Amino acid sequence: MELAWYWTALIAFVIVQFLLISASVLVYAERKVSGYMQNRPGPNRVGPFGFLQPFADVVKLVFKENIVPVLANPFVHSLAPMLMVVIAMGAGALIPFAHNVVIADMDVSVLVLLALTSISVYGVTLAGWSSNSKYSLLGGLRSSAQMISYELSMGLAVLSVVLIAGSLSLTEIVEDQAGGWGLLGWNIFRNPIGAILFIVTAFAETNRAPFDLPEAEQELVGGYHTEYSGMKFGMFFLAEYVNFFIASFVIVTLFFGGYMLPFESVLLGAFPALVDSLWLTVLQLGTILVKAGFFAFVFIWVRWTLPRFKYTQLMTLGWKYLLPIALANMLLVALGVALLS
């Protein structure tokens, strides 16, 4: 069912605001989780339990001086952070948050999502090049090589899901996982290797530890955003957190039933009045938010648990291990679909 344009605009506005607020919540959550893991309190001064600390940081960034290196390219230097934020927010338009709650419900939304993932490398690369700094340039080059290397495995993992669902629509991929099997219909059980591959490559694509080589503070000062300050740095910070939250939603959508409640078909059979009701939409929104929140916690947990890879280890893992496994998995899934269809 196609929604009227004003409903689509309202959903888009709500989702953008939700992503902006969620970035602040995730910054707070990361600090609290890391503090707990390192046996220290974390933020506890600004607001109750330190909850307003991310908002205080935003105020600080707004009033900080915007410094552009003398030999930098001013236009590209300003374009790069904006590009990162726009791409991060744009990916949110493709996620089905509940039945009929999606900004852009396209038949080829998987391809558009992969295209946006590919474009995001330009923001990092342009930031590294335009700053006219060797540290920034090295960070940009590392990021471009890393993203290109891991996009191949990620694309093959997504292709294995597309083969199972028989569709390039994210909504239809979610609906395909409903079936009559309950939890067993989720792609994590039908395609576990693809799920593991996608989760690992999602860490690399979002430049999160242990794949944060483009920043690598101990080696490159700050990597591609070494020469950024003020709100330009804040935009990179925002894009990073929105990206890994969107990655959590994509993981859930492709492999963990998306907005589908566990055993939703059983629930609807017992309570037929819930079908196409507002209550079902609220339950689905809550379900996908809980699932994505869990994987956001996993992103944070991994960052403060695993050490950063060396660059040779990063490339070796991507090309010598993940890519062959992804190819083999895709062939096995294709063979299984052909035999069972």
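Less than 20 Å from a label point 7 Å out along the Cα-to-Cβ axis of Met106: which backbone N atoms in the stretch 157-196 qualify, by residue? 157-163, 165-175, by backbone N distance to the label point. Between the helical axis of 109-130 and the longest alpha-carbon principal axis of the chain there is an angle of about 0 degrees.
Given the C-alpha centroids of the stretch 312-341 and the stretch 214-270, what is the distance between them in whole angstrom? Measuring centre to centre over Cα atoms gives 24 Å. Here the Gaussian network model covers the chain, with springs between Cα atoms less than 10 Å apart; of Leu238, Leu322, Leu71, Leu71 fluctuates the most. Each Cα pair under 8 Å and six or more residues apart adds its separation to the average, and for the chain the resulting relative contact order is 23 percent. In the set [x] 17.8; [y] 21.4; [z] 18.9, the label that goes with mean projected area of the Cα convex hull in nm² computed for this structure is [z]. Put in order of Cβ neighbour count within 10 Å, fewest first, the listed residues Val250, Val174, Val266, Val162 become Val266, Val162, Val250, Val174.
For Lys310, the lysines whose Cα falls under 24 Å of its own Cα, not counting residues fewer than eight places away in the same chain, are Lys134, Lys320.
Say R0 is 22 Å: what FRET efficiency, to the nearest 0.05, do Asn73 and Ala115 get from their beta-carbon distance?
Values: r = 26 Å, r/R0 = 1.16.
Using R0 = 22 Å, I get an efficiency of 0.30.
As a proxy for reagent exposure, Glu172, Glu30 were ordered by neighbouring Cβ count within 10 angstrom, fewest first; the result is Glu172, Glu30.
Here's the list of lysines a cross-link from Lys64 could span, going by alpha-carbon distance under 17 Å and ignoring same-chain residues fewer than 8 apart: Lys232. Each label point is 7 Å from the Cα along the Cα-to-Cβ direction; what then is the distance between the points at Lys134 and Leu285, in nm? The modelled label-to-label distance comes out at 5.3 nm.
Which of Ala93, Asn191, Trp301 sits farthest toward the positive end of the charge dipole of the chain, with +1 on the Cβ of Lys and Arg and -1 on the Cβ of Asp and Glu? After comparing all options, I get Trp301.
Explain nothing, just the number: dipole magnitude of the chain about its Cα centre with +1 on each Lys and Arg Cβ and -1 on each Asp and Glu Cβ, in debye rounded to the nearest 20.
Working: 16 positive and 19 negative charges, 226 e Å.
Value, rounded to 20: 1080 debye.
Can you give the FRET efficiency to the nearest 0.05 for Asn39 and Val14, using r as the Cβ-Cβ distance and R₀ = 35 Å?
Values: r = 39 Å, r/R0 = 1.10.
The pair Asn39/Val14 has a calculated efficiency of 0.35.
The angle between the Cα long axis of helix 74-92 and the longest principal axis of the Cα atoms of the chain comes to about 20 degrees, rounded to the nearest 10. In plain terms, the residue of Thr201, Thr287, Thr305 with the fewest other Cβ atoms within 10 Å comes first and the most crowded comes last, giving Thr305, Thr287, Thr201. Relative contact order, whole percent, for the stretch 90-136 stands at 25, derived from Cα pairs under 8 Å and 6 or more residues apart.
Each reported figure results from applying straightforward, stated rules to the coordinates on display, with no laboratory input. Predicted model only: the values in this text are computed from it and were never measured. Every residue, glycine among them, receives a Cβ derived from its backbone with ideal geometry; neighbour counts consider all protein chains shown.
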